[in-house]
Each structure stands twice: as structure tokens, then as C-alpha cells.
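So the structure is just underneath, and the comments pick up after that.
The values are calculated or read from the model by the stated rules, or taken from the named source; none is laboratory data. What you are looking at is a predicted structure, and each value in this text was computed from that prediction instead of being measured. Ideal geometry is used to build each Cβ from the backbone, glycine not excepted, and the neighbour counts take in all protein chains shown.
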Amino acid sequence: MSEQTPTREEAWNLLCEWTLGDSLRKHARAVEHAMRTYARKYGEDEDKWGLVGMLHDFDYERYPDQRHPQLGSEVLREKGYPEDVIRAILSHADYTGVKRESLLEHAIFATDELCGFLTACALVRPDKSFDTLEVSSVKKRMKDKAFARTVNRNDLWGGAEELGLGFDEHCAFVIAALREIQEEIGLRQSAPGAVA
């Protein structure tokens, strides 16, 4: 068992070994990027925060039930991942009983569902990008219970609250972060001169 934090490449390889679906890989990449961007904002360890974002759902395809992320955390432990990374991943699912305490834990909870919801919002826009996505459109979509119905709206509001931010500020921050990688996660490339 390694004492050193695994590299991003090792984490990506683990994700790809366990996650065959393109959409879940893109979600992992989106959450990783949002987490790295928040780490920069808060002066935290970008690599560690990125690993949590990338691997938070790595076992979900195999265990799409309440065994996720419990069984995945055992794999991470065997591979030598730091306990704070494992704890943060466990804390993003309320049913694990791991209470969110650290900023890292609050951030993974706040970014996970929001990244998925924002991607769904961008995909139904005429330009299929984050370039024109506004917080007001996101809030309008949140009121439509049929839209992205598996996303818990209370988690979207609660995530911002756990970070000590208003929803509008949190949502705008994550939209701006995801604009930077939108082509990589399956959305249209920013048009030249688009507002960033």
C-alpha cells in the first residue's frame, strides 16, 4: 500500500476501468474540474480536490444502489488513497452516515448534483453550450419537476448553503468553471468572442 497520493492519471485509469459509460465519465470530469476550480478559490490542494471530484462516483455503474460509495471506498483504501479523500467521497451520499465536516466534503456535495443539473440545462439550450446559460434559466428549470427529475432540488440549494454561499453565486461560479471544459464534456465549443 502506497503512502503517496495516487496521481491523476492513476485515478483516471481507475475511473475508466470501473466506468464504461461515456456520460458518467464526462460527469466525473465536470465534477473534477469544478472541484479544482473551488480548490483554487479557497487556496486548497487542487490535486486532492480533483481526485475527490473525479472518483466520487467511480463505482456507481457496478453498484447503482446504496452499496455505492461504500464498496468503492474499500477499493480506494486498498489502493492507498488518503483517508480524507475517501471520507469526502463517502460523505457525498447522505445515506452513508458520514457527516460532512470539512470544506472538501461540503464542496463535493455542492458540486456533484449541480454539475449534472447544469449539464442537462446546457444540453437543452439552442446552442447546446454553457455560453448562454444564465442562473435565472437554471432556477426556472429547477421549478420544472419533470426536467432532470432524478436531481434532488433540495441538494442543489443545500449544497450552496453548506459552502456558505447563496445559490446564485454558487451556480454562476460552477457555470463559469464548466464553460472552460464544455467541449471536453460533450457540449459545443465556445464561439469566438463569446462571453466567458
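A residue that is at pLDDT below 95, surrounded by 14 or more Cβ atoms within 10 Å (Cβ to Cβ) and of a type in the set (A, V, I, L, M, F, W, C) occurs nowhere in the stretch 124-142. Residues that are buried (at least 17 other Cβ atoms within 10 Å of the Cβ) and in contact with a Pro (Cβ under 8 Å, 6 or more places away or on another chain) within the stretch 61-97 comprise Tyr81, Ile89, Leu90, His92, Ala93, listed in sequence order. Mind listing whichever residues of the stretch 86-98 are small (Gly, Ala, Ser), free of Cβ contacts under 8 Å to residues at least 24 places away in the same chain and assigned to a helix (DSSP H, G or I)? Matches in the stretch 86-98: Ser91 only.
If you filter the stretch 37-52 down to residues that are buried (at least 21 other Cβ atoms within 10 Å of the Cβ) and touching a Phe, Trp or Tyr at 6+ places or on another chain (Cβ under 9 Å), you find that the one that is farthest from His27 (Cα to Cα) is Ala39. Taken as a whole, the condition of being at pLDDT below 95, at positive phi and in contact with a Ser or Thr (Cβ under 8 Å, 6 or more places away or on another chain) does not apply to Gly97.
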